[in-house]
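Enquirer: Once you've had a glance at the structure underneath, I'll fire off some questions.
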Amino acid sequence: MSLDKFYYENKLPKLFAIASIFWGAVGMLLGVIAAFQLAYPILNFSEHLPHLAFGRLRPVHTNAVIFAFVGNGIFTAVYYAIPRLLKTPMWSEKLGKIHFWGWQLIIVLAAVTLLFGMTTGKEYAELEWPIDILITLIWVVFGINMFGTILTRRERHLYVAIWFFIASWVTVAMLHIVNSMEIPVSLTKSYSMYAGVQDALVQWWYGHNAVAFFLTTPYLGLMYYFLPKAANRPVYSYRLSIVHFWSLIFLYIWAGPHHLLYTALPDWAQSLGTAFSIMLILPSWGGMLNGLFTLRGAWDRVREDPVLKFFVVAVTCYGMSTFEGPMLSLKNVNAISHYSDWTVAHVHIGALGWNGFMTFGMMYWLIPKLWNTNLYSKKLASQHFWIGTLGILLYAIPMYWSSFRSYFMMKAFTPEGQLQYQFIDIVQTVVPFYAIRAVGGTVFLVGVFMMVYNLIKTAKAGTFLEREEAEAAPLVKEYVAPANSFWHSVIERKPILLLVLSLVVVAIGGLFELIPTFLVKENIPTIASVKPYTPLELQGRDIYIREGCYTCHSQMIRPFRYEVARYGEYSKAGEFVYDHPFQWGSKRTGPDLARIGGKYGDSWHFNHMLEPTSMAPGSIMPTYPSLFKNTIDKGSTNSKIHAMRNLGVPYPKGYESIANDDLEKQAKTIADGLKENKIDVMSDKEIIALIAYLQRLGKDIKLENK
């Protein structure tokens with residue numbers, strides 16, 4: 001049989017690899033800055049650089065690390081591995097370039113818009129609707145190119161890495177589309193189509209599975225290709241990889257509700273999330289063991305080869321994170337971890353250890369291959385390994401310590417039955433841990449810069465191979481499987497079947513969780529006293545979201561004695577029916593705000609936003625001087641009211657025409673009240689709207705209980 005001659009194009013893997021390294025350094029640098037801002041509020045530079053305050057910088061950091069660093073790492077692996085596994089070039093180099101430049105455009109637009117406060121306020125999905133549409137289009141371009149390559153392959157069976165790439169592509173598409181359903185208000189503003197409990201469930205169905213199918217499954221595909229290549233060993237167990245793949249993608253999609261334990265989410269949904277989270281240990285550890293056992297017979301090389309060192313620790317961190325995740329889904333453990341720094345430690349074991357080290361190992365192996373040379377310095381790479389490992393430990397251990405310390409202080413009562421510590425006392429005790437965490441992040445970042453130097457020197461010492469010549473036999477159309485072939489080989493030969501089955505398997509869990517929550521009214525009982533926000537309160541809420549207040553404050557009081565005593569009556573599902581999006585939060589760097597309305601006077605809130613330490617000595621909250629200069633965007637009021645009515649919020653018909661009149665009346669009332677406290681401020685300033693919103697929180701429930 002004659003062999004076809006063809007070329008592997010290396011330009012796209014090169015571009016994505018460079019982008020991954022660049023954005024990784026940028027994203028981690030932003031993370032270090034944000035970490036120091038928490039420990040030293042003066043570093044927010046709020047007076048001169050309000051766009052770089054923690055509330056705006058934090059989502060830029062998370063998006064940069066997840067979608068820029070890890071995303072480009074995924075595409076590096078796909079564009080390098082798939083052609084070699086399928087013995088064919090990528091289907092379209094032009095589509096590959098559109099994919100590359102389109103993805104970089106998305107990253108830049110994300111950074112700019114988030115820094116300017118254009119955000120949906122939904123974690124890991126903060127980007128506004130025009131960028132969501134662009135993401136969808138570029139993701140489709142990527143999918144067409146990947147499946148075009150698969151359908152024109154010369155290798156009949158699809159290797160396990162490709163299974164994970166296919167499942168990741170189809171699931172991310174499903175998650176992104178469902179969670180991004182929103183009503184546009186303007187080019188830069190939209191409201192989530194879902195509200196309250198429903199929005200929370202959809203968001204964490206997306207949020208948990210963004211971690212699963214963007215940060216985990218494609219990186220398992222990366223592991224299944226690059227780890228055996230670097231070790232020069234076959235994958236330990238083919239059948240274990242089958243069990244790993246199907247059980248993982250089926251179970252993962254159910255686990256989202258474990259992010260919402262003890263919240264107003266219905267108990268059945270919480271329990272479902274917990275049950276499937278616990279089951280996730282088995283496939284996750286099956287994959288970890290499959291990766292580690294692949295190195296059997298190669299352990300002597302691990303001591304010498306920095307690439308294998310990175311891979312071993314990466315897979316171990318994957319195992320640690322996927323044990324810790326199910327453990328955190330146990331209610332008694334989640335009571336400690338949720339809203340605390342434990343979650344931060346857990347996330348960064350995965351981000352720095354699993355995604356970071358896996359990417360570093362791939363780059364140290366791949367860059368010398370692309371430039372046809374040897375790694376410039378193995379010694380420097382090994383030093384990077386040890387510095388990176390130290391950085392992870394310095395980052396994670398203080399966060400674990402902080403979480404337990406703050407939990408035990410939070411729940412401490414005096415013998416007389418009073419709370420023993422004020423929230424600000426607890427904050428002050430954990431600030432040193434924040435400082436150590438920031439140092440740990442800095443140490444990790446130093447290792448990244450060492451890698452950048454090492455890889456630049458490697459590339460300069462070699463010559464880039466734009467294309468590699470290869471040959472392979474054409475695919476035989478009339479293929480008869482051997483009589484003793486395994487049943488799964490049928491699926492491996494049919495990529496469209498694999499795609500459809502993957503979609504069905506991941507859709508089942510989502511349907512079982514989302515449909516009852518949306519259709520069964522008893523899941524979200526209404527509360528008669530809960531009314532829509534006034535126009536001024538709605539504007540204030542949007543300012544609250546714009547400034548990223550939800551990154552530090554929650555609005556969800558759990559049914560624990562110490563939370564009820566500290567914050568007020570526990571939260572109910574019916575409170576949030578007009579919240580587009582929900583604002584339950586995922587971290588309490590500051591106190592919960594669900595019942596803040598009426599607790600303090602308007603002047604207290606005014607001074608607190610102007611200079612937090614004047615009202616709360618020892619506070620680590622940044623100042624917000626721009627709120628006292630910027631005027632309320634009254635021009636957007638009509639469109640916001642109209643959009644909310646389209647979402648089912650019961651504003652009277654035609655209310656748009658008088659909404660600003662009501663806004664001005666309420667704003668004047670607040671401004672006049674401040675003047676009585678010798679605070680002279682114009683009624684059209686943003687601080688007035690924010691005060692109105694904060695003073696509204698929890699008021700409806702207080703009326704219900706009278």
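Enquirer: Looking at the stretch 254-289, which of its residues are under 30 Å from Val235 (Cβ atoms), aliphatic (A, V, I, L, M) and in contact with a Pro (Cβ under 6 Å, 6 or more places away or on another chain)?
Expert: Across the stretch 254-289, the qualifying residues are Ile278, Leu280, Ile281.
Enquirer: I've got another one for you. Collect the residues in the stretch 517-534 that are in contact (Cβ under 8 Å) with a residue 24 or more places away in the chain and in a loop (DSSP other than H, G, I, E, B), keeping them in residue-number order.
Expert: At the first step, the residues of the stretch 517-534 found to be in contact (Cβ under 8 Å) with a residue 24 or more places away in the chain are 517-518, 523-534.
Scanning the stretch 517-534 gives Ile524, Pro525, Thr526, Ile527, Ala528, Ser529, Val530, Lys531, Pro532, Tyr533, Thr534.
Enquirer: Next question. Just need a number here: residues in the stretch 167-211 that are assigned to a helix (DSSP H, G or I), among the small types (Gly, Ala, Ser) and over 13 Å from Asp132 (Cα atoms). Talk me through it step by step, then tell me what you get.
Expert: Taking the stretch 167-211 first, the residues assigned to a helix (DSSP H, G or I) are 167-179, 196-211.
Subset that is among the small types (Gly, Ala, Ser): 167-168, 173, 196, 200, 207, 210.
Within this subset, residues satisfying the condition of being over 13 Å from Asp132 (Cα atoms) are 167-168, 196, 200, 207, 210.
So the count comes out to 6.
Enquirer: If you check Ser186 against the conditions, is it over 29 Å from Gly356 (Cα atoms) and either surrounded by fewer than 22 Cβ atoms within 10 Å (Cβ to Cβ) or free of Cβ contacts under 8 Å to residues at least 40 places away in the same chain (or both)? If you could, list the steps in order and put the result at the bottom.
Expert: On the way: over 29 Å from Gly356 (Cα atoms): yes; either surrounded by fewer than 22 Cβ atoms within 10 Å (Cβ to Cβ) or free of Cβ contacts under 8 Å to residues at least 40 places away in the same chain (or both): yes.
The answer is yes for Ser186.
Enquirer: Go through the stretch 150-183 residue by residue and tally those that are closer than 30 Å to Phe582 by Cα, surrounded by 16 or more Cβ atoms within 10 Å (Cβ to Cβ) and of a type outside the set (Val, Ile, Thr).
Expert: 10
Enquirer: When the residues of the stretch 261-273 are narrowed to those that are assigned to a helix (DSSP H, G or I) and in contact with a Leu (Cβ under 7 Å, 6 or more places away or on another chain), which ends up nearest to Trp354 (Cα to Cα)? First the steps, then the outcome.
Expert: Of all residues in the stretch 261-273, those assigned to a helix (DSSP H, G or I) come to 267-273.
Filter once more, keeping what is in contact with a Leu (Cβ under 7 Å, 6 or more places away or on another chain): 269-270.
Details: Ala269: 29, Gln270: 27 Å.
The selected residue is Gln270.
Enquirer: Could I ask something else about it? When you go through Ser46, Ser20 one by one, which is the residue that is of a type outside the set (Lys, Arg) and either on the phi > 0 side of the Ramachandran plot or modelled with pLDDT under 95 (or both)? Lay out the reasoning, then the answer.
Expert: Numbers: Ser20 fails: either on the phi > 0 side of the Ramachandran plot or modelled with pLDDT under 95 (or both).
Unique residue meeting the criteria: Ser46.
Enquirer: Something else now. Output yes when any residue across the stretch 219-235 is crowded, with 24+ Cβ neighbours inside 10 Å, in a helix (DSSP H, G or I) and out of contact with any Phe, Trp or Tyr (no Cβ under 8 Å at 6 or more places or on another chain), and no when none is.
Expert: Looking through the stretch 219-235, at least one residue is crowded, with 24+ Cβ neighbours inside 10 Å, in a helix (DSSP H, G or I) and out of contact with any Phe, Trp or Tyr (no Cβ under 8 Å at 6 or more places or on another chain).
Enquirer: Follow-up question, since we're still on this one. Please find, within the stretch 615-657, the residue that is surrounded by the most Cβ atoms within 10 Å (Cβ to Cβ) out of those that are touching a strand residue (DSSP E or B) at 6+ places or on another chain (Cβ under 8 Å), assigned to a loop (DSSP other than H, G, I, E, B) and among the hydrophobic types (A, V, I, L, M, F, W, C). I'd like the intermediate steps shown before the answer.
Expert: Our first condition is that a residue be touching a strand residue (DSSP E or B) at 6+ places or on another chain (Cβ under 8 Å); within the stretch 615-657, this holds for 627-632, 636, 639-640, 643-644, 646-647.
Narrowing further to those that are assigned to a loop (DSSP other than H, G, I, E, B): 629-630, 632, 647.
From the residues that got through so far, the ones that are among the hydrophobic types (A, V, I, L, M, F, W, C) too are 632, 647.
Working: Ile632: 27, Leu647: 16.
My answer is Ile632.
Enquirer: If Tyr262 satisfies all but one of (1) hydroxyl-bearing (Ser, Thr, Tyr); (2) more than 19 Å from Ile508 (Cα to Cα); (3) surrounded by 24 or more Cβ atoms within 10 Å (Cβ to Cβ), what's the number of the condition it fails?
Expert: Of (1) hydroxyl-bearing (Ser, Thr, Tyr); (2) more than 19 Å from Ile508 (Cα to Cα); (3) surrounded by 24 or more Cβ atoms within 10 Å (Cβ to Cβ), only one is false for Tyr262: (3).
Enquirer: Of all residues in the stretch 549-587, count the ones that are closer than 30 Å to Glu522 by Cα and under 22 Å from the mean Cα position of the chain (by Cα).
Expert: So the first thing to find is which residues in the stretch 549-587 are closer than 30 Å to Glu522 by Cα, and the list is 550, 553-587.
Filter once more, keeping what is under 22 Å from the mean Cα position of the chain (by Cα): 550, 553-556, 579-587.
Final tally of qualifying residues: 14.
Enquirer: From the set of residues in the stretch 600-615 that are of a type in the set (A, V, I, L, M) and under 31 Å from the mean Cα position of the chain (by Cα), which is farthest from Glu47 (Cα to Cα)?
Expert: In the first step, residues of the stretch 600-615 are kept if they are of a type in the set (A, V, I, L, M); the result is 609-610, 615.
From what is left, the residues that are under 31 Å from the mean Cα position of the chain (by Cα) are 609-610.
Numbers: Met609: 12, Leu610: 10 Å.
If we take residues in the stretch 600-615 being of a type in the set (A, V, I, L, M) and under 31 Å from the mean Cα position of the chain (by Cα), then Met609 is farthest from Glu47 (Cα to Cα).
The values are calculated or read from the model by the stated rules, or taken from the named source; none is laboratory data. Nothing here was measured: the structure is a model prediction, and the numbers come from that model. Every residue, glycine as well, gets a Cβ built from its backbone with ideal geometry; the counts of neighbours run over all protein chains shown.
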